[in-house]
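The values are calculated or read from the model by the stated rules, or taken from the named source; none is laboratory data. As the structure is a computational prediction, the values presented were derived from the model and not from experiment. Here the Cβ is made from the backbone with ideal geometry for all residues, glycine too, and neighbour counts use every protein chain on show. What goes into the accessible areas is simple: the full protein's heavy atoms, side chains included, and nothing from ligands, DNA or RNA. Shrake-Rupley method; radii C 1.70, N 1.55, O 1.52, S 1.80 Å.
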Amino acid sequence: MDISKLAITAQAMVADNKGLLAADESTGTIGKRFDAINVISSEDNRRDYRELLLRAQDIEKFISGVILYDETIRQSTTDGISLVDLMVQKNIIPGIKVDAGAKPLSGSENETITEGLDGLVARVEEYVGLGAQFAKWRAVIKIGSDMPSGYAIHTNAHALARYAKICQEGGLVPIVEPEVLMDGDHDVEVCQHVTEETLNAVFGEIYAQGVELEAMILKPNMIIPGSDCLDTIDTLEIADRTVATLKRCVPAAVPGIMFLSGGQSEADATLNLNTMNAQNGNLPWKLSYSYGRALQASVLQAWKGVGDNVVSAQKALTLRAKLNSEACKGNYLGE
Ligand code: 13P
């Protein structure tokens, strides 16, 4: 595979203050999102919703790529255009989730290993044929009593690097996503320590397995306290700790770091990204976004499965994308 071509795609993903829309919820996860707004998770409803997202006016000004799920990359709009063609027409890069989800890790009580390496070479080939240009694999690291274990960190880091190498050889830019979950009552220092250990393990494996840094994207969590932690913390501290951790762990050859939102509110995810960019003029990598919930929460609320609400739901998506694009420049002025 021509790595320089992949490096150009990776740069395009973070160019012009754009970010990614993660619309790759598995059938189970989108089902939970639809339950919350009383929409039945049928194949047609899932297609209608993803079509709504992709057709939102002007999103291409703020969103460089969209991560799709296996079902979605094969779907067509109600009037028969494939969703991938629709994206290409709007100059949005199609991406695909290729992991098979976080499954119980044998030998550890409560931890998970992300599966999906078996058959990955053939699936990458198929997805390239369907028009995908980048891929995503999410590893999950939990904080809790006796967690994370070094074992969970290292098995997940190993699998992330294996996935990334297979993608590069097959012609997809890998998004490497080691997510340290915000669930729990741990404080921000614990999150920072675990994230640092995780990123060091991931980049150790990436080096050992010969993954090309120039042709990948990192998708990490921000350094924030656990969702049940009672500490109050301001955005400056989150930004300082997150950027410090990234400087310690992420080689300068990586073109872009595109954060997950991880359960932060839409406004917090935008504000924290903005603070990082506003406070740091000269970083080796672009800091951008690859949000799922923090781009879609208000969209789902506006839509509620009702055809008459499609335009207002689309406006909600374009607004969030625009605000996050401003945050990529450090120019976000609030809600
Ligand atoms: P959230 O932004 O909702 O965390 O989702 C991003 C994602 O793609 C998780 O894999």
Worksheet item: For segment 71-79, does any single residue satisfy the condition of being under 29 Å from LYS286 (Cα atoms) and not hydrophobic (A, V, I, L, M, F, W, C)?
Response: yes
Discussion item. I'd like the residue in segment 12-25 that is of a type outside the set (A, V, I, L, M) and more than 10 Å from the ligand (Cβ to nearest atom) and, out of all such residues, is most open to solvent (accessible area, probe 1.4 Å).
Written reply: ASP16
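Does MET182 meet the test of being under 22 Å from PHE134 (Cα atoms), out of contact with any Cys (no Cβ under 6 Å at 6 or more places or on another chain) and within 16 Å of the ligand (Cβ to nearest atom)?
Here the answer is no, as MET182 does not meet what is asked.
Counting only residues that are of a type in the set (Phe, Trp, Tyr) and open to solvent by less than 30 Å² (accessible area, probe 1.4 Å), how many does segment 140-184 have?
Total meeting the criteria: 1.
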Response to the item:
Matching residues in segment 144-163 (within 16 Å of the ligand (Cβ to nearest atom) and over 19 Å from LYS103 (Cα atoms)) number 0
Practice prompt. Could you tell me whether GLU237 is under 26 Å from GLN168 (Cα atoms), away from the ligand (no atom under 16 Å from the Cβ) and not in a loop (DSSP other than H, G, I, E, B)?
Written response: no
Worksheet entry | Subset of segment 240-283 (residues that are in a loop (DSSP other than H, G, I, E, B), within 16 Å of the ligand (Cβ to nearest atom) and farther than 18 Å from ILE217 by Cα) | GLY263, GLN264, SER265
Worksheet item: Which is open to solvent by less than 80 Å² (accessible area, probe 1.4 Å) and within 23 Å of ALA321 (Cα to Cα), of LEU130, LEU86?
Response: LEU86
Practice prompt. Just need a number here: residues in segment 284-293 that are within 16 Å of the ligand (Cβ to nearest atom) and without any contact (Cβ under 8 Å) to a residue 40 or more places away in the chain.
Written response: 1
